[in-house]
1. Would you check if residue 170 is open to solvent by less than 20 Å² (accessible area, probe 1.4 Å), at pLDDT 95 or above and not acidic (Asp, Glu)?
2. Pairs only if they're at least six apart or on different chains, beta carbon under 6 angstrom, first in the stretch 306-324 and at pLDDT 95 or above, second open to solvent by less than 40 Å² (accessible area, probe 1.4 Å) and of a type in the set (Lys, Arg); list them, first residue then second.
3. Only one of these is farther than 15 Å from residue 92 by Cα and in a loop (DSSP other than H, G, I, E, B): 154, 134. Name it.
4. Of everything in the stretch 241-280 that's touching a residue at least 24 places away in the same chain (Cβ under 8 Å) and assigned to a helix (DSSP H, G or I), which residue is most open to solvent (accessible area, probe 1.4 Å)?
5. I'd like to verify a number: residues in the stretch 173-193 that are open to solvent by 20 Å² or more (accessible area, probe 1.4 Å) and either closer than 20 Å to residue 292 by Cα or of a type in the set (D, E, K, R) (or both), how many?
6. Which helices (runs of 4 or more DSSP H) sit wholly inside the stretch 294-343 and have at least 3 residues that are of a type in the set (Val, Ile, Thr)?
7. What pairs come up if the first residue lies in the stretch 130-149 and is within 9 Å of residue 78 (Cα to Cα), the second is part of a helix (DSSP H, G or I) and open to solvent by 10 Å² or more (accessible area, probe 1.4 Å), and their beta carbons are under 7 Å apart, counting only those six or more places apart or on different chains?
8. So is residue 207 open to solvent by less than 10 Å² (accessible area, probe 1.4 Å) and either under 18 Å from residue 131 (Cα atoms) or part of a helix (DSSP H, G or I) (or both) or not?
Amino acid sequence: MYPLLRPLLFSMDPERAHRLSLHALRVGGSNPVGRASIRALYAPRKQQPVEVFGLRFPNALGLAAGYDKDGLGWRGLAAMGFGHVEVGTVTVRAQAGNPKPRVFRLQEDRAVINRLGFPGLGADFVAARLAGGERPCGVILGVNVGKNKDTPLEDAASDYVPLVERFAALADYLVVNVSSPNTPQLRELQTGAALRALLTTVRQARDARAQALGRSIPLLVKLAPDLDDAALDDALGAVDDAAIDGVIATNTTISREGLRSPHKGEAGGLSGAPLTAMSTALIHKIVQRCDKPVIAVGGVMGLDDARAKLDAGAKLVQVYTGLVYGGPGLVRDIVEGLAAQSP
């Protein structure tokens, strides 16, 4: 079905097409009949569970943050067969994000450039979306959090801490996003001293909530693919010192090497096929330098890309732009393909 729909979706503004997709998932995921219909169409018939972070994931494939920023369609997405769904990036206060147009398809490169800048309806709205309604059985829910654009960098913890406190009871794991290229100066938080201070403060808040709730709440940090070796070592040292549970690698890139599309000069973060090798190479380095579990994201366009990231040492993989080009059937293809390859 998706090959027939894709020309229509690609004729629309990318944000409008995305809103329509999320609306369909929101409606379909809001009731048992809709969820059953989605499962019948798209859910994998065979999957291989994965245990990591003290959690049992139904399979290794998840949906990356950014697709469902406000938790609108996560129940429908869970019915598609993802082993985990990561909502966000969520900010404390609602914000509009950057001016439009801000999302561009690079069809010649099977890629997307976005400069969204964390648009969203804010923590109160997302918390209500996650708490209200039936919790899909089995799927692991992550919440990715970031700072508001108008929060000074030196006060970043004043945004991250209340977000961690708010979503600890609603999420299975939490992610600190310090690597989006679309919020001014945000990536400066990846430097060792700043990252160490921020992660230590946030982890202490997580610890307090975990103790109150009587369960573990894994805390991860999401890093950029553009870190050089020295910056990567610095960031991983901070992750280790702050006793963070894992790393998500990677966010979008500011690199434009080898692109052919006329949109290649647009500002923002690049995702999709051009990021595949860069992100996999960074995963290799992280696994060699750090003993924290890694969730891989970046250029997962099909089964071979997912397999390569797992072979590089990642425990789980996530997809986003691959869905834009491959459609919802990509989930079944990857999950069943990985299950067939497992011993």
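1. Details: open to solvent by less than 20 Å² (accessible area, probe 1.4 Å): no; at pLDDT 95 or above: yes; not acidic (Asp, Glu): yes.
Taking the combined requirement at face value, the residue does not satisfy it.
2. As it stands, the answer is 317/309, since those pairs meet every condition given.
3. Values: 154 fails: in a loop (DSSP other than H, G, I, E, B).
Going through 154, 134 in turn, the sole match is 134.
4. Within the stretch 241-280, the match that is most open to solvent (accessible area, probe 1.4 Å) is 241.
5. Residues in the stretch 173-193 being open to solvent by 20 Å² or more (accessible area, probe 1.4 Å) and either closer than 20 Å to residue 292 by Cα or of a type in the set (D, E, K, R) (or both): 4 in total.
6. Result: 329-341.
7. Close Cβ pairs satisfying both conditions: 136/75; 136/78; 139/78.
8. Numbers: open to solvent by less than 10 Å² (accessible area, probe 1.4 Å): no; either under 18 Å from residue 131 (Cα atoms) or part of a helix (DSSP H, G or I) (or both): yes.
Judged against the criteria, residue 207 is not a match.
The values are calculated or read from the model by the stated rules, or taken from the named source; none is laboratory data. Values in this document were obtained by computation on a predicted structure and should not be read as measured data. Using ideal geometry, Cβ is built from the backbone for each residue, glycine included, and neighbour counts are taken over all protein chains shown. For the accessible areas, the whole protein counts, side chains as well, though only heavy atoms, and no ligand, DNA or RNA atoms are used. Shrake-Rupley method; radii C 1.70, N 1.55, O 1.52, S 1.80 Å.
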